[in-house]
Each structure stands twice: as structure tokens, then as C-alpha cells.
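Asks: Below is one structure. I have some questions about it.
The values are calculated or read from the model by the stated rules, or taken from the named source; none is laboratory data. Values in this document were obtained by computation on a predicted structure and should not be read as measured data. Please note: Cβ atoms are built from the backbone with ideal geometry, for glycine as well, and neighbour counts cover all protein chains shown. Heads up: the accessible areas ignore ligands, DNA and RNA and are worked out on the full protein's heavy atoms, side chains in. Shrake-Rupley method; radii C 1.70, N 1.55, O 1.52, S 1.80 Å.
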Amino acid sequence: GVSAPQGCRVISGDSEWPSKEIWTRELPGVVPYEKVSKNSTQPDYLYIAKKPSEVQAAINFVVKHNVRLSIINSGHDFLGRLVT
């Protein structure tokens, strides 16, 4: 993959995107989504935080790996993407 432009968040396909092994090791319980198409609006991973320490782990992960965090609170994230 290519590198994310300076100042931008890393997206899947960028060379800096964490591997599936990193996601599952650092965020136990994270669920990868299989993309149905390259234009899919589903997130790449879903992590359900139930305790403050899990919220903190998720925030630490996205900061460490420079990935975007979307908070889902009713089946949709902030951008209106439906998570099923």
C-alpha cells in the first residue's frame, strides 16, 4: 500500500494500517468487517467497549496507530453509516 498523506488519518490500504493481528492483540474482542464492496460504508472493525478501561484502550489504540475513531450509539455512526 501507499503511505497516508502527512497530517491525514491512516485508512485500510495504507502501508501503516495495523494488521488484523495487531487489532486483535491490542483490542481483544474486536470484530473485523468483511467488505462487501470497495465502496462499502461499514467500518473496518467493530469494538464494543463495556467498561471505561475498554474505552481507554480503544482511544489509546487509535492514537497510537493514527486511525479514525467512530462512535456508534444507535446502530449508526456519526457519519450516518449503518452498522449491522
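Asks: Can you tell me which residue is modelled with the lowest pLDDT among those in the range 47-84 that are open to solvent by 70 Å² or more (accessible area, probe 1.4 Å), closer than 27 Å to GLN6 by Cβ and not polar (S, T, N, Q)?
Replies: For the range 47-84, the residue satisfying everything is PHE78.
Asks: Would you check which residues across the range 1-54 are aliphatic (A, V, I, L, M), in contact with a strand residue (DSSP E or B) (Cβ under 6 Å, 6 or more places away or on another chain) and over 16 Å from ASN66 (Cα atoms) and list them?
Replies: Hits for the range 1-54 are VAL30, VAL31, LEU46.
Asks: Quickly run through the range 24-46 and pick out the residues that are open to solvent by 90 Å² or more (accessible area, probe 1.4 Å) and part of a loop (DSSP other than H, G, I, E, B).
Replies: PRO28, GLU34, VAL36, LYS38, ASN39
Asks: Which of the residues belonging to the range 1-23 are surrounded by 12 or more Cβ atoms within 10 Å (Cβ to Cβ), β-branched (Val, Ile, Thr) and not in a loop (DSSP other than H, G, I, E, B)?
Replies: Scanning the range 1-23 gives VAL10, ILE22.
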